[in-house]
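Input: a single structure, listed below in structure tokens.
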Amino acid sequence: MERLIFMLKKRFLLLFLLFLLTGCCYTKDNKINNSISNDEKKNINDTDEIIREEKELINDKINSMTLDEKIGQMIITGFDGSEYNDGMDRLINEYKVGGVILFARNIEDSSQMIELTRALQENNNNIPLFISIDEEGGRVSRLPDDIEKFPAAFDIGLINNDQTAYENGKEIGYTLKRLGINLDYAPVLDIYSNLNNTVIGDRAFGTEESIVSKMGIATMKGIEDAGVIPVIKHFPGHGDTEVDSHYGLPIVYKTLEELRNFEFIPFVKAIKNGCDVIMVSHIILNEIDSSNPASLSKIVINDILRRDMNFDKVVITDDMAMGAITSIMSIEEACIRSIKAGCDILLLGNAYEEIEQVIDSIKLKIYNGEISEEHINKSVNRILELKEKYNVME
């Protein structure tokens, strides 16, 4: 771990030097120009080498991890209580979870929240945690009452100004970072195209893909620039549904072509703008995979998101305890099917009591060969690279 931190600091130093070199003024002295050019090339090569070494360090880390530690990294869990307790300690140090999510039940005020997030990291004897929260602004906010709330996405969309959206996202990020949060389930990139949709509504930036794309990506960049990991959601698009997936299973009847020409567009643009994490929702795309919700569908995750859209970063599920899942199967079965489909992280925000059964089920599928350890390693690699990028590893 110390070596990894050293390499990170060295990379930042080299990038800084590269910035100074590329910022030098033009001169007629060809010798000086050639010297600068060679220095630039050397620093670029050095930076590439450091990145390669960092990847090797992550591979070495993965090779040294137990199976329990690897599976744990693929779980973000909720918990009870507003102070660090035995239950939290068991989740973190026995089950080796890679992250936690905070809900209203865990939050009293900002001072308590800071103490809690600090305790979670300090008592963690494993790889540093994702400490996550739902902070979209508007009606989906987990901020304590002593902190001023942020506007809803739809209000930002009405302003329709990139800089406003960026600054709002950046302030959300700074606020969360001060509270000890390093991952935010925002922004929403769903297009509010069905007025009977009660679950999305003003959580969306608008009713047009252009506004949602522009405002969503600007918000994503703001959160990111504050040093917090943004999670865009709810792929493949929850805007044209009428059933709330918290309680039932929504079905979308559009063809793949129709989805590509509308719902997919904000996600495609976000991927091109470097998004690091995508949350997949529990909705059925009836014309594409009528048997599986998107969060469990290999066609949606592996074929469409990873292959067609060229997204090879972290994919996380929506909460596996939502009615869309629990009404049709057990959480354990859903988690297995989601991993097979290509998800990297299982969100068990309200299913933390089932965590032991989930882990045991995953281990059993690995032992009997239904899921390969190589498959698990690829997910853990994506997760550790994400933690490294945002300095969670420090």
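Please find, within the stretch 335-394, the residue that is nearest to Met279 (Cα to Cα) out of those that are of a type in the set (D, E, K, R), in contact with a strand residue (DSSP E or B) (Cβ under 8 Å, 6 or more places away or on another chain) and touching a residue at least 40 places away in the same chain (Cβ under 8 Å). Per the criteria, the residue is Asp344.
Applying a threshold of 8 Å to beta carbon distances and a minimum spacing of six or more residues, or different chains, the list of pairs starting in the stretch 78-100 at a residue that is outside any loop (DSSP other than H, G, I, E, B) and ending at one that is of a type in the set (S, T, N, Q) and surrounded by 23 or more Cβ atoms within 10 Å (Cβ to Cβ) reads Leu91/Thr77; Gly99/Thr77; Gly99/Ser132; Val100/Thr77; Val100/Ser132. Only a single criterion out of (1) of a type outside the set (S, T, N, Q); (2) closer than 21 Å to Glu385 by Cα; (3) buried (at least 21 other Cβ atoms within 10 Å of the Cβ); (4) in contact (Cβ under 8 Å) with a residue 40 or more places away in the chain is not satisfied by Ala324, namely (2).
Just to verify a result, which residue in the stretch 220-271, among those that are of a type in the set (D, E, K, R) and part of a loop (DSSP other than H, G, I, E, B), is nearest to Asp318 (Cα to Cα)? Going through the qualifying residues, I end up with Asp244.
Beta carbons closer than 8 Å, at least 6 apart along the sequence or on distinct chains, pair a first residue in the stretch 161-174 that is at negative phi with a second that is open to solvent by 80 Å² or more (accessible area, probe 1.4 Å) and not charged (D, E, K, R) for Ala165/Ile159.
Note on the stretch 247-282: among residues that are open to solvent by 20 Å² or more (accessible area, probe 1.4 Å) and closer than 16 Å to Asn196 by Cα, the one that is modelled with the lowest pLDDT is Tyr247. So which residues in the stretch 137-161 are in contact with a Lys or Arg (Cβ under 6 Å, 6 or more places away or on another chain) and either open to solvent by 30 Å² or more (accessible area, probe 1.4 Å) or assigned to a loop (DSSP other than H, G, I, E, B) (or both)? Hit for the stretch 137-161 is Ser141, nothing else. Screening the stretch 68-94 for residues that are touching an Asp or Glu at 6+ places or on another chain (Cβ under 7 Å) and within 24 Å of Glu332 (Cα to Cα) and picking the one that is least open to solvent (accessible area, probe 1.4 Å) gives Met74. Inclusion of Ile62 among residues that are under 20 Å from Leu384 (Cβ atoms), modelled with pLDDT of 90 or more and either part of a strand (DSSP E or B) or among the aliphatic types (A, V, I, L, M) (or both) is warranted. Go through the residues of the stretch 162-185 one by one and say whether even a single one is of a type in the set (Asp, Glu), farther than 28 Å from Gly99 by Cβ and open to solvent by 30 Å² or more (accessible area, probe 1.4 Å). Scanning the stretch 162-185, I find at least one residue that is of a type in the set (Asp, Glu), farther than 28 Å from Gly99 by Cβ and open to solvent by 30 Å² or more (accessible area, probe 1.4 Å), so the answer is yes. From the list Ser361, Ser379, the lone residue that is over 20 Å from Ile284 (Cα atoms), open to solvent by 10 Å² or more (accessible area, probe 1.4 Å), part of a helix (DSSP H, G or I) and at pLDDT 95 or above is Ser361.
Taking the stretch 272-301 as the range and being more than 18 Å from Met220 (Cα to Cα) and in a loop (DSSP other than H, G, I, E, B) as the test, the residues that pass are Ser281, His282, Ile283, Asn286, Glu287, Ile288, Asp289, Ser290, Ser291, Asn292, Pro293, Ser297. What are the residue pairs meeting all of these: first residue in the stretch 293-321, first residue more than 17 Å from Arg382 (Cα to Cα) and at pLDDT 95 or above, second residue acidic (Asp, Glu) and surrounded by 17 or more Cβ atoms within 10 Å (Cβ to Cβ), Cβ atoms under 7 Å, and 6 or more apart or on different chains? From the stretch 293-321, the pairs are Ser295/Asp318; Ser297/Asp289; Ile299/Asp289; Val300/Asp289. Residues that are buried (at least 18 other Cβ atoms within 10 Å of the Cβ) and either in a helix (DSSP H, G or I) or over 21 Å from the mean Cα position of the chain (by Cα) (or both) within the stretch 107-134 comprise Ile107, Met113, Leu116, Thr117, Leu120, listed in sequence order.
Here Glu388, Glu333, Glu356, Glu370 are screened, and the one residue that is of a type in the set (Asp, Glu), touching a Phe, Trp or Tyr at 6+ places or on another chain (Cβ under 8 Å) and open to solvent by 10 Å² or more (accessible area, probe 1.4 Å) is Glu356.
The values are calculated or read from the model by the stated rules, or taken from the named source; none is laboratory data. Predicted model only: the values in this text are computed from it and were never measured. Positions of Cβ are backbone-derived with ideal geometry, glycine not excepted, and every protein chain shown enters the neighbour counts. Please note that ligands, DNA and RNA were not included when accessible areas were found on the heavy atoms of the full protein model with its side chains. Shrake-Rupley method; radii C 1.70, N 1.55, O 1.52, S 1.80 Å.
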